[in-house]
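Notes follow once the structure below has been shown.
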């Protein structure tokens with residue numbers, strides 16, 4: 001079983017839609033959590049950290065459920081520019097990356 | 001954007017040849033990392049460094065060595081490249097190993113023929 005698992009997608013949604021991604025992790029001792037965004041043939045870039053209380057940054061909301069060991073990312077009012085691969089990252093001394101969920105937002 | 005550069009950005013080499021990739025940072029971060037990214041696997045840690053001359057192995061370190069002689073530079077060497085090392089290699093930096101996010105360089109596309 002992979003340490004971090006994500007639905008690879010692809011998710012194809014129209015502009016303005018709300019889309020949610022989930023990610024599960026296996027190491028209950030994991031200490032920090034992040035969502036990264038990766039555009040095609042580019043480096044991953046930090047989208048947001050994920051806190052136990054949940055956090056929001058504009059149209060993006062991240063939630064952490066330690067009891068069930070999953071992390072979620074909600075994108076509201078999707079834009080064409082949101083099209084990318086979203087990587088779930090879990091840190092327990094070493095960063096463990098999910099393989100990513102691909103999102104395509106269509107006009 | 002964090003000041004991280006990688007060189008070369010693309011390289012094609014033959015099986016059995018040595019290859020060195022360079023990562024350079026201007027952020028003065030203590031930690032530096034080398035990852036490889038392959039389809040379906042996500043990023044996997046090869047080696048990391050926690051200071052000058054201080055390095056440790058990651059998840060997929062076989063066939064790779066690293067060196068860090070200055071805070072700003074972290075080198076990854078493939079002593080004898082194999083086709084299984086064809087991949088995209090990313091360097092990353094962070095202030096701390098656990099609590100802080102990592103920032104990535106633009107990547108190096110390596111093809112071993």
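The condition of being under 30 Å from residue B:59 (Cα atoms), free of Cβ contacts under 8 Å to residues at least 24 places away in the same chain and loosely packed, with under 15 Cβ neighbours inside 10 Å holds for only one of A:55, A:65, that being A:65. Just checking, how many residues over the range B:31-79 are closer than 23 Å to residue A:88 by Cβ, over 10 Å from the mean Cα position of the chain (by Cα) and not in a loop (DSSP other than H, G, I, E, B)? Going through the range B:31-79 one residue at a time, the tally reaches 6. Here the range B:80-107 is the region considered, the condition is being in a loop (DSSP other than H, G, I, E, B) and at pLDDT 95 or above, and the residue that is farthest from the other protein chains (Cβ to nearest Cβ) is B:80.
Residue A:11: surrounded by 18 or more Cβ atoms within 10 Å (Cβ to Cβ), more than 13 Å from chain B (Cβ to nearest Cβ) and at negative phi, yes or no?
When the stated conditions are applied, residue A:11 passes them.
Within the range A:37-47, the only residue that satisfies the criterion of being more than 13 Å from residue A:83 (Cα to Cα) and touching a residue at least 40 places away in the same chain (Cβ under 8 Å) is A:44.
How many residues does the range A:36-46 hold that are crowded, with 17+ Cβ neighbours inside 10 Å and at the interface with chain B (Cβ under 10 Å from one of its Cβ atoms)? Adding up the residues that qualify gives 4.
In the range A:76-107, the qualifying residues are those that are more than 24 Å from residue A:3 (Cα to Cα) and assigned to a strand (DSSP E or B), and the one that is nearest to the other protein chains (Cβ to nearest Cβ) is A:104.
The values are calculated or read from the model by the stated rules, or taken from the named source; none is laboratory data. Keep in mind the model is a prediction, meaning the values are calculated, not measured. Cβ: placed from backbone, ideal geometry, glycine included. Neighbour counts: every protein chain shown.
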